[in-house]
1. Before we move on, is Val150 β-branched (Val, Ile, Thr), in a loop (DSSP other than H, G, I, E, B), in contact with a strand residue (DSSP E or B) (Cβ under 6 Å, 6 or more places away or on another chain) and touching a residue at least 12 places away in the same chain (Cβ under 8 Å)?
2. In segment 153-174, how many residues are within 24 Å of Phe109 (Cβ to Cβ) and either touching a residue at least 24 places away in the same chain (Cβ under 8 Å) or in contact with a strand residue (DSSP E or B) (Cβ under 9 Å, 6 or more places away or on another chain) (or both)?
3. Among the strands (runs of 3 or more DSSP E) contained in segment 1-81, which hold 2 or more residues that are among the β-branched types (Val, Ile, Thr)?
4. Six or more apart or on different chains, Cβ under 7 Å: which pairs go from a residue in segment 114-141 that's modelled with pLDDT of 95 or more to one that's crowded, with 20+ Cβ neighbours inside 10 Å and of a type in the set (Phe, Trp, Tyr)? Could you list them?
5. For segment 198-223, name all the residues that are over 16 Å from the mean Cα position of the chain (by Cα), buried (at least 18 other Cβ atoms within 10 Å of the Cβ) and farther than 21 Å from Asn153 by Cα.
6. Are there any pairs with C-beta distances below 9 angstrom linking a residue in segment 75-88 that is more than 19 Å from Ala117 (Cα to Cα) to a residue that is surrounded by fewer than 10 Cβ atoms within 10 Å (Cβ to Cβ) and among the hydroxyl-bearing types (Ser, Thr, Tyr), with the two at least 6 apart or on different chains, and if so which?
7. Sort out which residues of segment 1-29 are surrounded by fewer than 16 Cβ atoms within 10 Å (Cβ to Cβ) and either of a type in the set (Phe, Trp, Tyr) or free of Cβ contacts under 8 Å to residues at least 40 places away in the same chain (or both), and write them in order of number.
Amino acid sequence: MEDPEGLYTLSPDVVDVPAGLPLVAGLTGFADAGGAVSLFTTNLRETLPSTVIATFDNDALLDYRARRPTIYFEQDHLTNYQPASLELRLATDEIGQQFLLLSGYEPDFQWERFTSAVLGLVARFQVKSTTWVHAIPMPVPHTRPIGVTVSGNRSELIETFSVWKPHTQVLANALHLVEYRLQELDHPIAGFVLLIPHYLSDTEFPDAAFKALESVSSATGLIFSTATLREEGREFVEKIDKQVEGNPELARLVGTLEERHDSYMAGNPLRSPLIDEDGELPTADEIAAELEIFLALRHNGDDDQTNPRPE
């Protein structure tokens, strides 16, 4: 393996990073249902003071043809080239607490080297804990609080917040590997998996970002402003509710999901919140079919219905 430190460039501001800060991470790409990670990290970068202390090498990690950058054509010339970015920042929360923020795209290449680079940065800055978030689509209703599954070695968080503890295989993302390696080192690590309504997985769902902030706060003690996301979330859900009210088939779909959810939360720890009345998990095809029903009803509804995607 090539030197992991060659994957990133440190900024001069790195000398100002104190030891012992928490690390918060979220990478967009494979596991970002409801735009949870992108909204979450954008909110942190835009609302909190922060300084870039390490920039990762796009040419080594990014598949440009899969995620093409944007460039603008101004009549007769090109301007404003906007490549993707993967950065480590020193940020400050609402009450002056500092933390490290790893955000940007999930690497397409060199996962082992990238993981070694992150572990090296964790050691360099003597990071006291690492918390990361991602989100997956699940057959759960938008009318109930967003649930989470917590992985890692922080048992207090797992016992308090995990609503579902499956035994299953999952497709990994890069931060899964980082978590796995940090866990081998007994470094305090928690990964919050947000369970997003599958019929909202292709929208930007503000409540998902709010849940991500809330989860990170619970794990780190960091304080974030959430007023804007709360208001956007209320408006978003109101639009969805109007569509549900106007479509009997959609109302029946949401009602079925509510029944499954409530039955599980009523206190049967051996039953998944996702199973049907016969005790069977929905297949991928069944989930896709329900999503198609929702999208068809959304687009074929009355002309005066509002599209649920926030402006």
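The values are calculated or read from the model by the stated rules, or taken from the named source; none is laboratory data. Everything quoted here is computed from the prediction, not taken from an experiment. Please note: Cβ atoms are built from the backbone with ideal geometry, for glycine as well, and neighbour counts cover all protein chains shown.
1. Numbers: β-branched (Val, Ile, Thr): yes; in a loop (DSSP other than H, G, I, E, B): no; in contact with a strand residue (DSSP E or B) (Cβ under 6 Å, 6 or more places away or on another chain): yes; touching a residue at least 12 places away in the same chain (Cβ under 8 Å): yes.
For Val150, the condition - β-branched (Val, Ile, Thr), in a loop (DSSP other than H, G, I, E, B), in contact with a strand residue (DSSP E or B) (Cβ under 6 Å, 6 or more places away or on another chain) and touching a residue at least 12 places away in the same chain (Cβ under 8 Å) - is not met.
2. 4
3. 22-28, 50-56, 70-74
4. Sorted first by the residue in segment 114-141, then by its partner, the pairs are Ala117/Tyr8; Val133/Phe40; Val133/Phe192.
5. Correct list: Tyr199 only.
6. So the pair list comes out as Asn80/Thr70; Tyr81/Thr70; Gln82/Thr70; Pro83/Thr70.
7. Step one: list which residues in segment 1-29 are surrounded by fewer than 16 Cβ atoms within 10 Å (Cβ to Cβ), which gives 1-3, 5-6, 9, 12-13, 15-16, 18-20.
Residues satisfying the conditions are Asp3, Pro12, Val15.
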